[in-house]
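Okay, so here's the structure we're looking at.
The values are calculated or read from the model by the stated rules, or taken from the named source; none is laboratory data. None of these values were measured; they are calculated from a predicted model. All Cβ positions, glycine included, derive from the backbone under ideal geometry; neighbour counts span all protein chains shown. With ligands, DNA and RNA removed, areas are computed over all heavy atoms of the protein, side chains included. Shrake-Rupley method; radii C 1.70, N 1.55, O 1.52, S 1.80 Å.
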Amino acid sequence: MCWSATADLVAGVGIGAVGVACVARVRRRGDLPLAALPLLLGAHQIVESVVWDSGGGRGPAAVAWAVIALPLLAVWVPLGVACAAPRRALRRLMIPLAIGLATAVPLTYALATRPVTAQVRGHTVGYAVGLPHAALLVAGYLLATIGSLLLSGERGLLLLGVLVAVGALICWTVWQREFVSTWCALAAVCSVVLFGWVQGRSGAPPGARQAERARVT
């Protein structure tokens, strides 16, 4: 996720602080799951700082990292988007949510029955789970998370979906070369975008929010 234990820890604390600010500004109950996403991402970074300090291996920190990264986010993101989206978008958002749930089941089973191994590779950390049908699960994961954002009907979440898609491709390309991991930078940028989205939702009068939803949808 980040290039060192210190970087992961600092990023985790910073992203978590953005999450606290997001949650504090929520005015609509349905926005809470997405507003709390930076808290989860921040905790994820902090967990990986423990993986760094332990030198990788098969410890509980590696398992916790995989649980958050794989089945939890596969459900959290599409569910959060469905809770926050306009009613007109709910029917189409059931598709990525169903895909997320269908993806999370085999991911959870794999994590419960197979060891998770973390390996420090220079300035990156690699995780091995031994997932069956990995390509299919990755496709389902991306459709559930990025797909739900792109189908949300909310301009701010659409922007976030495009950002995640492009940023994930860049981060994955750099990580594959084992040069440096930049996922923490992407998580930080996404958390700031979410903060702007929450602030915009809490600051706009109800009538303006409804008009914007109807126009975007």
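Quick notes
- Among residues of region 110-147, those that are assigned to a helix (DSSP H, G or I) and under 29 Å from residue 54 (Cα atoms), counted: 8
- Cβ-Cβ under 7 Å pairs, at least 6 apart or on other chains, region 58-83 side more than 23 Å from residue 98 (Cβ to Cβ), far side open to solvent by 40 Å² or more (accessible area, probe 1.4 Å): 58/115; 58/117; 61/50; 61/54; 62/117; 62/127; 65/127
- Test: residue in region 112-127 that is under 26 Å from residue 200 (Cβ atoms), of a type in the set (A, V, I, L, M, F, W, C) and open to solvent by 60 Å² or more (accessible area, probe 1.4 Å): no
- Condition check for residue 52: part of a helix (DSSP H, G or I), closer than 16 Å to residue 152 by Cβ and either touching a residue at least 24 places away in the same chain (Cβ under 8 Å) or touching a Ser or Thr at 6+ places or on another chain (Cβ under 8 Å) (or both): no
- Qualifying residues in region 151-188 (those that are within 19 Å of residue 97 (Cα to Cα) and β-branched (Val, Ile, Thr)) - the one modelled with the lowest pLDDT: 164
- In region 15-25, residue farthest from residue 86 (Cα to Cα) [restricted to those that are surrounded by fewer than 18 Cβ atoms within 10 Å (Cβ to Cβ) and in contact (Cβ under 8 Å) with a residue 40 or more places away in the chain]: 21
- Hits in region 81-136 (condition: over 19 Å from the mean Cα position of the chain (by Cα) and aromatic (Phe, Trp, Tyr)): 109
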